[in-house]
Amino acid sequence: MTGGANTPVTEHCFSTFTEAIRFATDGAITDAPATAVEGVEDPALNALLGSSEKATGTEPAPAADGALLVIGIEYEHINYGGASFTFRGPRRCTSPTTDVDYSVNLPRIWWDRISSFKNFANCYTNHYAYTNFIPPATGYLNDRPVMPIINGRNFNDDARSIRWS
């Protein structure tokens, strides 16, 4: 993904989570677990992918040697289960959540399908119910094993575009 821009997503499908993470990190991580559920529970992998906790007063570091960083993983089911969609970008998200570091309209196959998500590279995620970032939206949130209910609206299986900050 390109920083800030709502760029079209180039989708690649993989048989295992190991293959997806290898691709997403440009080969920097080759030994991720075989499934996304195992990956989310693996402290070593989570440390390698980078914290989702917002740093204070620091500029985002670029990926090493031009490699891309995983910024977030969206999951089909609650508790990080089912199919996963991994997003990557060239740098960490900036510390404030008052700007947009990355944004994307989800491909139709992922409309209304996200039930949990995990952030990396200092990013927080804002899910929108409609394409082109039309509210309602969740607001920027850290990892969620279950999509939240915001102002009475259940965002489980209810997202069509995403922003990261």
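Of the chymotrypsin sites (Phe, Trp or Tyr not before Pro) in the stretch 83-165, the ones in a loop by DSSP (not H, G, I, E or B) with at most 15 other beta carbons within 10 Å are 130. Using the Cβ of residue 105 as centre and a radius below 12 Å, the other residues enclosed give a net charge of +3, where K and R count +1 and D and E count -1. Within the assembled protein chains, the solvent-accessible surface assigned to residue 48 is about 120 Å², based on a 1.4 Å probe. Is the shape of the stretch 79-165 rounded, prolate or oblate, going by the alpha carbon gyration tensor and its root eigenvalues a ≥ b ≥ c, with a/c under 1.5 for rounded and a/b larger than b/c for prolate? The shape class here is rounded. Scanning residues 5 or more positions from residue 113 or on other chains, those with amide H under 5 Å from its amide H are 158, 159, with H placed 1.01 Å from N in the peptide plane. Counting only DSSP beta bridges with both residues in the chain, what percent are antiparallel, rounded to the nearest 5? In the chain, DSSP labels about 95 percent of beta bridges as antiparallel.
Using the 1.4 Å probe convention, the accessible area of the stretch 70-154 works out to 40 Å² per residue with neighbouring protein chains retained. Only one of the values [x] 15.6, 57; [y] 14.5, 45; [z] 18.9, 67 was calculated from this structure for Rg and Dmax of the Cα atoms in Å; name its label. Read-out from the structure maps to [y].
Report the charge-dipole magnitude of the chain in Debye, nearest 20, computed about the Cα centre from +1 at each Lys and Arg Cβ and -1 at each Asp and Glu Cβ. Let's see the in-between values first.
Details: 12 positive and 18 negative charges, 92 e Å.
Dipole about the Cα centre, nearest 20: 440 debye.
Counting only cysteine Cβ atoms and a cutoff under 4.7 Å, the chain contains unmatched residues 13. Ordering 85, 98, 36 by the projection of their Cα atoms onto the charge dipole of the chain, which places +1 on the Cβ of Lys and Arg and -1 on the Cβ of Asp and Glu, puts 98 at the extreme positive end. Remark: the stretch 118-165 carries a charge dipole of roughly 60 debye about the Cα centre, counting +1 on each Lys and Arg Cβ and -1 on each Asp and Glu Cβ. With all protein chains in place and a 1.4 Å probe, the accessible surface of the chain carries 53 percent carbon and sulfur.
Quick check: with the 1.4 Å probe, what order do 144, 113 take by accessible area, largest first? Show your work: numbers first, answer last.
Numbers: 144 80, 113 55 Å².
Result of the area sort, largest leading: 144, 113.
The values are calculated or read from the model by the stated rules, or taken from the named source; none is laboratory data. Owing to the predicted nature of the structure, the values given are computational and were not obtained by experimental measurement. Cβ sites come from the backbone with ideal geometry, for glycine too, and all protein chains shown count toward neighbours. Only protein heavy atoms, including side chains, enter the accessible area calculation; ligands, DNA and RNA are left aside. Shrake-Rupley method; radii C 1.70, N 1.55, O 1.52, S 1.80 Å.
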